[in-house]
Amino acid sequence: MRDGGRIAAAIEVLAEMARRHRPAHLALKAWGDGARYAGAKDRAFVAGLVLDVLRRRRSLGWAMGDETERALTLGACCFAWDWPLARIAAAAEEPYGPGPLSDAERRRLSAPADLHEAPAPVAGDYPDWLDPHLARVFGEGRASEMRAMAARAPVDLRVNVLKTDAEHVLKALAPFHAAPLGFPAQALRIAAPAAAERAAPVEATPAFEKGWFEVQDAGSQIAAAVAGDVRGAQVLDFCAGGGGKTLALAAAMAGTGQLYAYDADARRLAETVKRARRAGVRNLQVREPYDPDALADLAGRMDVVFVDAPCTGSGTWRRHPDAKWRLTPAQLARRLEEQAAILPAAAAHVKPGGRLIYVTCSLLAEENEDQVAAFLAAHPGFAGEPIELEGAGPWRTPAGALRLTPLTAGTDGFFGAALRRLA
C-alpha cells in the first residue's frame, strides 16, 4: 500500500468506530480481516495513525477547525507525525488516497497548531465532563499532565529474577536497544516506536518464551513494589486479573512464603496460571471464585492483601487512547461502587499488624484518595501509613501515598496507598 491508501484506511477505521461505537482494536481487526492485501508495515502504519488520532483528537480538531475523521487524520500526519504539506498533499491525491486537499485544509496544515487559547480539555485532549475531576488533582497543570498522556508510550519490561538477570535479558534483546531504567531495579525500557512503526515484538522472542521477562509498565512495577518487603510473607492478590502484579509480587518473594491469587472473574485467572508457569513461580495458589468459600481459610491470616482495584484505567490512556472517549460518568459511578465494596471485602483477610495495599491505574481522586478516606472512616481498626519505597520520594502525596503520571514519572498513571491493620 502507498501512503494515500494507508491514510484512507485510517479514516475508514475511525469512521467505523464512530458509526458502530467499536473499540479501536476491534475496528482495526475488522479492517485487517477485509484487507488481505495489507502487509505488516501497512497494518502498523494504519494502527499507529488511528491511535495517534485518538490520542490527540480534540487538539487536532482545534488545529484543523474540523473534527471529521478526514480532518483529524490529515491533521495527525502534520501535527503528530511532522509530515510536510507537500507530502500530505501528494499522498491525498494518490490512487486510493482520500482525495485532494481543499484550500481550507491547506491553510490549516500550513499553520502551526496554536493551543494557547484552547480550553484545557482541548489542549489536554480529554472529554469536557472530566475537567473538574482532573482540575481537582492537577489544578492549572491538568492540560500539561494530559498532553503527556497523549504521547506514545515506550515498551517497558520487568526482568524475571526467578529465572535470570538483567544482563542476560539485555543481551537477548540487543536488537531492540533495551536499556535499564535504574528505578525500579528490574525495569528495562525500549523507546516508543516512531511514527508508522510498530512496537518492538519482544513477546515473539525466545527469551520471552523462556520466562526471562514480562512486558509491564514501570509504573505498574512500582505499584507492585508498594507492597514492600514480602519475602517469607503470606500474600493475597485479591484482584489478580491477568496476573501482571501477581508475577511481580512472586518475583519479590523469591520463592519464599505463600502467594494466593484471586479474582472475581475466573476467566482472567486462566492467564495468570499460564504466565506463572512460564515465569517459574512455585509458591502460588490460585483460588477460583466458583467456590463461595474460596478465601474462607485466609480470613485474618494475611501479612499483605494487595488490591489492584478495577478502575477507569485513566492512567493507561497512552496505551489505550480510545478508552478516554468511551468513558462515561455512569461508568465512573459503577467503578466507584465496585471499589467501595472491594476494599472491606479484602480487608477481612488482613491479620492484625498486616497491611492492605490499595492500587489503581487511575488519575482520579474519586477512585484513589476518596476511596481510601471513606474506608478508613468506616474502619477505625485500620490506619494509613506512608509508603517507604526508596527512589519514589518525588511521587509521594502529602498523605504518604504514591501518584505516578507520565509527566512526573515517565510511566503510566498509578496510585498506591498502604493501610495497616492495628493490632
Within segment 182-201, count every residue that is over 26 Å from Ala47 (Cβ atoms) and either within 19 Å of the chain's Cα centre (by Cα) or not aliphatic (A, V, I, L, M) (or both). 4
Considering Val159, Val137, Val155, Val169, which residue is among the β-branched types (Val, Ile, Thr), within 25 Å of Leu28 (Cβ to Cβ) and open to solvent by less than 70 Å² (accessible area, probe 1.4 Å)? Val155
Residue count, segment 302-358, condition touching a Lys or Arg at 6+ places or on another chain (Cβ under 8 Å), of a type in the set (Asp, Glu) and closer than 22 Å to Asp265 by Cα, comes to 1
From the list Ala254, Ala261, Ala270, exactly one residue is at pLDDT 95 or above and closer than 29 Å to Arg335 by Cβ. Which is it? Ala261
Given the condition within 17 Å of Gly4 (Cβ to Cβ) and open to solvent by 80 Å² or more (accessible area, probe 1.4 Å), answer yes or no: does some residue in segment 105-128 qualify? yes
Number of positions in segment 351-399 that are open to solvent by less than 10 Å² (accessible area, probe 1.4 Å) and farther than 10 Å from Ala417 by Cβ: 7
Considering only residues that are in a strand (DSSP E or B) and farther than 14 Å from Gly228 by Cβ, look in segment 400-420 and name the one that is most open to solvent (accessible area, probe 1.4 Å). Arg403
In segment 195-232, anything assigned to a loop (DSSP other than H, G, I, E, B), in contact with a Ser or Thr (Cβ under 8 Å, 6 or more places away or on another chain) and closer than 19 Å to Val304 by Cβ is listed as Arg231, Gly232
Do you know which of the residues in segment 60-75 that are buried (at least 24 other Cβ atoms within 10 Å of the Cβ) and either more than 20 Å from Gly124 (Cβ to Cβ) or in contact (Cβ under 8 Å) with a residue 60 or more places away in the chain (or both) is nearest to the chain's Cα centre (by Cα)? Thr73
Taking the options Asp125, Asp131, name whichever one is in contact with a helix residue (DSSP H, G or I) (Cβ under 9 Å, 6 or more places away or on another chain), acidic (Asp, Glu), assigned to a helix (DSSP H, G or I) and farther than 19 Å from Pro193 by Cβ. Asp131
Given the condition assigned to a helix (DSSP H, G or I) and closer than 26 Å to Gln221 by Cα, answer yes or no: does some residue in segment 148-165 qualify? yes
Kindly provide the set of residues from segment 280-294 that are surrounded by fewer than 23 Cβ atoms within 10 Å (Cβ to Cβ), hydrophobic (A, V, I, L, M, F, W, C) and either under 19 Å from Ala250 (Cα atoms) or touching a Pro at 6+ places or on another chain (Cβ under 7 Å) (or both), ordered by number. Val286
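So that you can scan it fast, the table gives a plain yes or no per residue for (1) at pLDDT 95 or above; (2) out of contact with any strand residue (DSSP E or B) (no Cβ under 9 Å at 6 or more places or on another chain):
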residue	(1), (2)
Leu109	yes, yes
Ala113	no, yes
Asp125	yes, yes
Arg142	yes, yes
Pro154	yes, no
Ala174	yes, yes
Glu197	no, yes
Trp212	yes, no
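The rows are residues; the columns are (1) surrounded by fewer than 14 Cβ atoms within 10 Å (Cβ to Cβ); (2) touching a Leu at 6+ places or on another chain (Cβ under 6 Å); (3) closer than 30 Å to Pro386 by Cβ.
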| residue | (1), (2), (3) |
| --- | --- |
| Ala200 | no, no, no |
| Glu203 | yes, no, no |
| Glu209 | yes, no, no |
| Ala223 | no, no, yes |
Considering only segment 1-15, how many residues are more than 24 Å from the chain's Cα centre (by Cα) and either free of Cβ contacts under 8 Å to residues at least 40 places away in the same chain or part of a helix (DSSP H, G or I) (or both)? 10
Of (1) open to solvent by 30 Å² or more (accessible area, probe 1.4 Å); (2) touching a Lys or Arg at 6+ places or on another chain (Cβ under 8 Å); (3) closer than 12 Å to Tyr96 by Cβ, Asp42 satisfies every one except (1)
Exclusive hit being within 22 Å of Cys361 (Cβ to Cβ), out of contact with any helix residue (DSSP H, G or I) (no Cβ under 6 Å at 6 or more places or on another chain) and not acidic (Asp, Glu), set Gly241, Gly228, Gly300: Gly228
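The values are calculated or read from the model by the stated rules, or taken from the named source; none is laboratory data. Here the structure is a predicted model, which means the values were calculated and not measured. Neighbour counts are summed over all protein chains in view; Cβ atoms, including those assigned to glycine, are modelled from backbone coordinates with ideal geometry. Side chains are part of the model used for accessible areas, which takes the heavy atoms of the whole protein and leaves out ligands, DNA and RNA. Shrake-Rupley method; radii C 1.70, N 1.55, O 1.52, S 1.80 Å.
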